[in-house]
Amino acid sequence: MKRITAESFLNYQFVSDPRISPNGKYVSFINQQADIQKNGYNGDICLIENENVRRLTSRGDAKTACWTPDNTLLFPAKRDLSLKQAEACGEQVTAYYEITPEGGEATLAFTLPLKAKGLAYLAGDLYLFVREYDQNRPETPKEVLDKARQDQVYLQFEEWPIWRNNIGITSGKHNQLCLYNRRTGEITYVSDQEQDLIKVSHQGKKLIYSTAAFENGVRAQEVSVTTYDAETGAYQQILRPGDLWLRNCEVWGELWGDKILLIGSDGKTYGRSQSPVFWLYDPKTKDMKLFKDYEYGINYRCAGNDAKLGAGQGMKVVGDRVYFLSTVNYETYVRYLDKEGNISEYLTPAGVADSFDIQGNRLVYCGFFGDRLAEIYEDGKQLSHMNDPLMREYTVVTPEHQVFTNTDGYEIDGWVMKPAGYQPGKKYPAILSVHGGPRSLHGELFYNEHQLWAARGYFVLFCNPRGSEGKGDDFAHIWGRYGTIDYQDLMEFTDEMLRRYPDVDESRLGVAGGSYGGFMVNWIVGHTDRFKAACTQRCVTNYVTKCLTGDNGYTFNFTQLGTDPWRDFDKTWATSPLKYAKDFKTPTLVIQSDEDYCCWASEGYQMYTALKMQGVDTRMCLFHGENHELSRSGKPKARIARMTEIVDWMDRYLK
């Protein structure tokens, strides 16, 4: 059996986004794979028919698809030379190709004279899409535009956020809701291009969408919600900014006659990060009332994972039920809410459901179950087998679930992975892994980096401290308490695992984490020297600078700390790991990406410089052209280099 290496993920098949055809005969899904030669990822549409799986496209340019009412598939691509030339000349055009389930060559279906994404069928001849509108781009003839582009020597910013991770500069760029009539070619611009579209949902020709306005160039945190009838062209605003905080703006369509279902929170107990619940709005009386309280995440995706690509549906309204993903403890299930306000039992088995589709009595879902990579399932039966041959080649270590009660009486879930080829009685080094978020979580699913560490001879320790998702708001409530109870839980978990696993050499412990996990690594090395090596990635080092540079900037500070540097500088600085730099002693590897606009590069630079000033062994790896998603969807060569750097750093100090 092979052991997993930094290059092994090049062979993984990344399965996502199952969709049932209108006639119920087929299930489509997207399959992606890394391509080291072009340093990117190929994606193709696959079909399941009578439990047989076949690849429908083969050019590697189909990473999303939409069923038509005629049971064909539409997907965006740039296959025609004229389209590639137009794009190279700066023209905005999006082309959609159509292919039948029977196969054959895809044909050009239609083009849109703008940048579009997110195509979805509505009804009749109508399709919904999102336009990427750039108000900085002048509506001028091509030759004038070319001259302006050549003469451009600087950028102007008049809006905040300036940028967004994995997108780039966003000042002056907005998402706009649009409709396309395939029969007439007419485009209808539904939402205001001066606002930013956040979320849209639909049933037939009736739509609900949320937008954020800009005031003095700053995008509002609160959103408004509007309904639109594509049949009559009628609008109605049903939610004003501030009426309800919509976590992830989960707004879902007209339901049960004249009532509208909204998913959000009033924030009265836990502020802006309070878990969303179900509300009903009556457009006639304009009355909104709580419909169903729910203590777990609604439409919350699975545990942190570096072995997936692609997305899919996390919620769907069917008849008088709304189906949604929900993370309970450390597993993610599909459930539904009915018109009586009842929440169903789990509709998927224990594990991690990541996306799904439902039609009639059929529920298909993509997920991680056992030690396997993601596949497509139905009724607990595995339909796709894209990774089965690969999994038979590799030694995969199964995480061992551990539960302990901390000193404050909270039950903490954690896991231990033994080194590949583990020999009882032999001492091994260990790495403590800290998840991001903080309102994310670890779970029992295939995690590539953890498997790599185990393959290299390490115990791997990881847990869900307070602040994690899956156990309700009381457990997740660490806002304004960063570095206190969460740090306590991680240290107590480490102590308990050392007692339960005596073959872990406590003199050879490492710690690693990214994003919030990077913040926590920085915090740890400023508060203890028990770890002999550390790796901090896409981190937060200084909440003063994080407030002023990140794409979520001061909104994140208010959500997580409850303040900013002017209202309470002492608290902002006290929560910053940089304050404790004089106590840094642990050799620390700093990994940062120069296009990470969530935790900007300045955070990594400050950590690296502070370590150097204290005389601590350190190295900084700055990945060019990568962003906050480096470990999950970064370019293949960068991902290999990143994993190699981490393991080599740990080997250097722990072996």
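Taken together, the values in this text are just the output of simple stated rules run on the coordinates, not laboratory data. Values in this document were obtained by computation on a predicted structure and should not be read as measured data. Cβ coordinates were reconstructed from backbone atoms using ideal geometry, including for glycine residues, and neighbour counts include every protein chain displayed.
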ask   = Which distance in nm do the two modelled labels at Thr405 and Asp229 give, with both placed 7 Å along the Cα-to-Cβ direction?
value = 5.8
P(r) of the range 400-654 over all Cα-Cα pairs, binned every 10 Å from zero, in whole percent = 7, 32, 38, 19, 2, 0
task = Figure the gain on full extension for Glu194 and Lys38 (residue separation times 0.36 nm, minus the Cα-Cα span) and round it to one decimal in nm.
result = 52.4 nm
key: Ranked Ser21, Ser355, criterion: other C-beta atoms within 10 Å, fewest first   = Ser21, Ser355
inquiry  = For a quick check: sort Arg335, Arg55 by the number of other beta carbons within 10 angstrom, fewest at the front.
reply    = Arg55, Arg335
task = For the range 325-337, just list the computed ³J(HN,Hα) in residue order, Karplus coefficients 6.51, -1.76 and 1.60, θ = phi - 60°, integers in Hz, with x standing in for Gly and Pro.
result = 7, 8, 9, 10, 6, 10, 10, 10, 10, 8, 9, 9, 10
request  = Divide by every residue of the chain the summed helix terms, -39500 (n - 2.57) for each DSSP H run of at least 4, and state the resulting mean residue ellipticity at 222 nm, rounded to the nearest 500 deg cm²/dmol.
outcome  = -5000 deg cm²/dmol
message = Can you pull out the GluC sites (Glu not before Pro) in the range 192-231 whose DSSP state is coil and whose Cβ has at most 12 other Cβ atoms within 10 Å?
response = Glu194, Glu231
remark   = The long-range amide H neighbours of Tyr458, using H built 1.01 Å from N in the peptide plane and a cut-off of under 5 Å, are Ala420
key: Principal-axis tilt of helix 142-151 within the chain, Cα atoms, nearest 10 degrees   = 20
ask   = How far, in degrees from 0 to 90, does helix 636-654 lean away from the longest principal axis of the Cα atoms of the chain, to the nearest 10?
value = 20
task = Please work out the Cα center distance from the range 344-398 to the range 168-222, rounded to the nearest Å.
result = 34
inquiry  = Compute the angle between helix 601-613 and the longest alpha-carbon principal axis of the chain, please, reported from 0 to 90 degrees and rounded to the nearest 10.
reply    = 10
ask   = When N counts the residues of the chain, how does its alpha-carbon radius of gyration compare numerically with 2.2 N^0.38 Å, as a ratio?
value = 0.96
query = Are there trypsin sites (Lys or Arg not before Pro) in the range 362-470 that DSSP puts in a loop and that have at most 15 other Cβ atoms within 10 Å, and which ones?
reply = Arg392, Lys426, Lys427
query = Which ordering of Trp453, Trp566 is given by a fewest-first count of other beta-carbon atoms within 10 Å?
reply = Trp566, Trp453
ask   = Given R₀ = 56 Å, FRET efficiency for Asn216-Leu498 by Cβ-Cβ distance, to 0.05?
value = 0.55
ask   = For Lys381, which aspartates and glutamates qualify as cross-link partners when the Cα separation must be under 16 Å and same-chain residues fewer than eight apart are set aside?
value = Glu49, Glu51, Asp354, Asp357, Asp371
remark   = Any GluC sites (Glu not before Pro) in the range 92-140 that lie in a DSSP loop and have at most 15 other Cβ atoms within 10 Å would be Glu102, Glu139
note = The pairs in Lys117/Lys284; Lys206/Lys308; Lys546/Lys655; Lys426/Lys532 lying past 31 Å Cα-Cα in this model are Lys117/Lys284; Lys206/Lys308; Lys546/Lys655
message = Which three extents, in angstrom, do the Cα atoms of the range 446-595 have along their principal axes, listed largest first?
response = 49, 34, 29
message = Restricting to bridges with both residues inside the chain, how much of the DSSP beta-bridge set is antiparallel, in percent to the nearest 5?
response = 80
message = Using amide H atoms built in the peptide plane, which far-off residues or other-chain residues are under 5 Å from Ser191 H to H?
response = Leu177
request  = For the range 502-655, give the magnitude of the charge dipole about the Cα centre (Cβ charges: +1 Lys/Arg, -1 Asp/Glu; no others), in debye to the nearest 20.
outcome  = 200
remark   = Rounded to the nearest Å, the spacing of the alpha-carbon centers of the range 441-466 and the range 271-334 is 27
ask   = Does anything in the range 564-599 have its amide N under 20 Å from the 7 Å Cα→Cβ label point of Asn166, and if so which residues?
value = 591-599
